[in-house]
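The values are calculated or read from the model by the stated rules, or taken from the named source; none is laboratory data. The structure displayed is predicted, hence computed values, not measured ones. Here Cβ is always computed from backbone atoms with ideal geometry, including for glycine, and neighbour counts include all displayed protein chains.
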Amino acid sequence: MKQIADLHIHSKYSRACSKQLELENIESACRIKGVDIVATGDFTHPAWFGDISSKLEEIENSGLYRLKSAPDSKIKFVLSTEVALIYKALDKVRRLHIMVMAPNLKLAKEFNDHLSKSGYNIKSDGRPILGMSAQKLCEICFNISSDFVIFPAHIWTPWFAVFGSKSGFDSLEECFEEQVNKIHAIETGLSSDPEMNWALSGLDDIVLLSNSDAHSLINIAREANIFDLQDVSYGGIREAMNKKNRGKNLLLSTIEFYPEEGMYHFDGHRACNVSFTPEETKKYSGICPVCKRPLTIGVMSRVKELADREFGFKPKNAAPFVKLVELDKIIAETMNIKSRASKAVLAEYNNLIKLGGNELNILLNLNYDELKKIASEKITEAIKRVREGNLIIEPGFDGEYGKVKIFSEKEKTRQKKLF
């Protein structure tokens, strides 16, 4: 069964995350977005684990959960959390964000209890900081149950990632050591897409996932995975993420950000308003020409540093992907409104959802004749350009999101109507 899954989001208990991230609101957002399976996020946090335990019920011993208050809802929750690991390895301080998925509440509680009894503070943040290695994290989880799933989050982000330029490793083997064979998947992150990751032969046998890492409801499913699950269960998801099943079409495709829109695609210094391509960074020897300090090396440069083949290569059995821009951003662009949260944008967004079913159905599935029946000609044209990649993008850098434009300034200011 085809299922769209976002396996990495956060709750209201994570730092810098919206207070609207309650289970009921997440369920509602997923219906609007078109998501079938969503992460609980943050199950290590005691208060959030209490909400999960009291508000969700397991669906027929599947390892997936639904809201008790909405027993007829088709939205399913899977237990997941992101942890921050900070430790020293190979003479360098490492800072990694790692995803942990648990098979059920009982085993998730065992993991939480182990962390608490070992002296780790899991109350301070939904994404707890743990002073342990990636290898140790694997040992703890897999000693509790071999059915846990662990995969590194947003693997290229400079500051907290397995391959990050500031504190990462050069290979999965370096990071996970003897546990590396139990790592079946990685999350590519907003600033990279599968094609960029295909340049590394070391990832050929790894399943490439995409998730939103949503810190607010509006960003759920900005990246996601489309699975074909023979068994709609935690076990079915685990099998779809298992590298031995690559090429069996269990992962049909991933839904991607345009990577240039990600916060760390290019190198630079936000404070100095300096944004460089990898080639420009080399020209300046990695030093900011304004403040004379080292640049924040972004994802594209780091990918090129570790790549061992040309961009454009596609490995055997690689899942396809599609790049999207969120519907409210598209609407705002057609209205020439800066804020995607404006009343006018939200009104049109809600109207389109009512007519088109859900956001991902509108962006992915409706043909242009169908779109014209529910949307203006300009919105239809904008969706067409997004699907074709006919965009103007100013790449993100050093924590600054990239800027995506669908229509040129000439088109926006031209007196004659475009459509």
Checklist entry - What number of residues in region 369-411 are more than 30 Å from Trp159 (Cβ to Cβ) and exposed (fewer than 13 other Cβ atoms within 10 Å of the Cβ)? => result 8
Checklist entry - With (1) more than 16 Å from Ile330 (Cβ to Cβ); (2) out of contact with any Ser or Thr (no Cβ under 9 Å at 6 or more places or on another chain); (3) small (Gly, Ala, Ser) as the list, and Gly389 as the residue in question, which single condition is left unmet? => result (1)
Checklist entry - Just to be sure, is Val303 in contact with a Cys (Cβ under 7 Å, 6 or more places away or on another chain), at pLDDT 95 or above and among the hydrophobic types (A, V, I, L, M, F, W, C)? => result no
Checklist outcome for this item: So, first residue on the phi > 0 side of the Ramachandran plot in region 63-86, second residue assigned to a strand (DSSP E or B), Cβ within less than 8 Å, six or more apart or across chains; the pairs are Gly63/Val78
Checklist entry - How do the strands (runs of 3 or more DSSP E) wholly within region 245-313 filter down when requiring 1 or more residues that are touching a Lys or Arg at 6+ places or on another chain (Cβ under 7 Å), under 30 Å from Val232 (Cα atoms) and touching a residue at least 40 places away in the same chain (Cβ under 8 Å): which remain? => result 251-256
Checklist entry - Do you know which residues across region 30-55 are within 23 Å of Lys354 (Cβ to Cβ), crowded, with 24+ Cβ neighbours inside 10 Å and either in contact with a Leu (Cβ under 7 Å, 6 or more places away or on another chain) or assigned by TED's automatic domain parsing to the domain that holds Ile362 (or both)? => result Lys33
Checklist entry - Any idea which of Asp72, Asp42 is farther than 25 Å from Ser165 by Cα, in contact with a strand residue (DSSP E or B) (Cβ under 8 Å, 6 or more places away or on another chain) and acidic (Asp, Glu)? => result Asp42
Next on the checklist: For a quick check of your reading: which helices (runs of 4 or more DSSP H) sit entirely within region 315-419 and have at least 1 residues that are farther than 26 Å from Asn211 by Cα and at pLDDT 95 or above?
Outcome noted: 327-335, 343-356, 368-374, 377-388
Next on the checklist: Yes or no: region 281-289 includes at least one residue that is loosely packed, with under 12 Cβ neighbours inside 10 Å and over 27 Å from Leu200 (Cβ atoms).
Outcome noted: no
Item to check | Qualifying positions in region 144-176 - part of a helix (DSSP H, G or I) and in contact with a strand residue (DSSP E or B) (Cβ under 9 Å, 6 or more places away or on another chain) | outcome: Leu172, Glu174, Cys175, Phe176
Next on the checklist: So, in region 262-277, exactly how many residues are surrounded by fewer than 23 Cβ atoms within 10 Å (Cβ to Cβ) and under 13 Å from Ser192 (Cβ atoms)?
Outcome noted: 1
Item to check | Output for region 193-208, where each listed residue is within 15 Å of the chain's Cα centre (by Cα) and not in a helix (DSSP H, G or I) | outcome: Asp193, Val207, Leu208
